[in-house]
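Colleague: Attaching a single structure in structure tokens format; questions to follow.
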Amino acid sequence: MPRPTTDPPDPTSAPSAPEDADSTRERIVAAASEEFARHGIAGARVDRIAKQARTSKERVYAHFRGKEALYTHVSLLELARVAQATPMDPDDLPGYAGRLYDHFTITRPDHHRLITWGRLELAGTAASSCADTVRDTVAGKIDQLREAQRAGRLDPVWDPVDVLALVNQIATTWAAQTEIGAIAAEQATDPSLAARRAAVVAAVERIFPRAAR
């Protein structure tokens, strides 16, 4: 009897594991975060996301209904990461501004671009989902500021809504105005990121001084 040309399968060996769905989803989300930050929602391409995630377009659509649904998922994750990385202490708004600066300008400038694209492009359900999360976060911070005012730790002459808006705007100045950042690299007395951060913290300290402990 002729010998078989291939060995029979080993009954003790484990079968090949199917593609891990969680791992695929994580790769898709990571690739989408980069794609949306770079190109926005309209300019993002699912085929590029799939290629970067080492999967197929069909698998991307199996996890997410479309680009807007994928962006909504990614942006909600990003908003949660921002909130975790930049907790607000109403008694130390300069410190809060410094944390915002660090996150958006130094650590993850792509977060600022990603969120900005959504503000410009999203509408309908996707926009509503993100807006609800932002609204809840903002409302919580305004409550913190109002309580600090009641306790005498923050100047009550300011509307707490204005306080939050001004601090956020000052802190994200360099992330939002990259063209000035490029000029600063050439013309600022001290072009370092540390100097820009110090200016942000000093500006907020001048308007909203730290509360006495």
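The values are calculated or read from the model by the stated rules, or taken from the named source; none is laboratory data. Quantities reported herein were computed from a predicted structural model and do not represent experimental measurements. All Cβ positions, glycine included, derive from the backbone under ideal geometry; neighbour counts span all protein chains shown. Please note that ligands, DNA and RNA were not included when accessible areas were found on the heavy atoms of the full protein model with its side chains. Shrake-Rupley method; radii C 1.70, N 1.55, O 1.52, S 1.80 Å.
Colleague: Run the accessible area of region 134-184 with a 1.4 Å probe and give the carbon-and-sulfur part as a rounded percent.
Modeller: Summing carbon and sulfur atoms, their accessible area is 57 percent of the total for region 134-184.
Colleague: Shifting gears a bit: Tell me, what is the 1.4 Å probe accessible area of residue 107, in Å² to the nearest 10?
Modeller: Its heavy atoms expose roughly 90 Å² to the probe.
Colleague: State the dimensionless ratio Rg/Rh of region 98-213 (Rg: radius of gyration of Cα atoms; Rh: Kirkwood radius).
Modeller: Taking Rh as the inverse mean 1/r over Cα pairs, Rg/Rh reads 1.02.
Colleague: Counting Lys +1, Arg +1, Asp -1, Glu -1, what net charge surrounds residue 52 among other residues with beta carbon under 13 Å of its beta carbon?
Modeller: Every neighbour counted, the sum reads +4.
Colleague: About its Cα centre, what dipole magnitude does region 147-198 give when the only charges are +1 on Lys and Arg Cβ and -1 on Asp and Glu Cβ, stated in debye to the nearest 20?
Modeller: That gives region 147-198 a dipole magnitude of about 180 debye.
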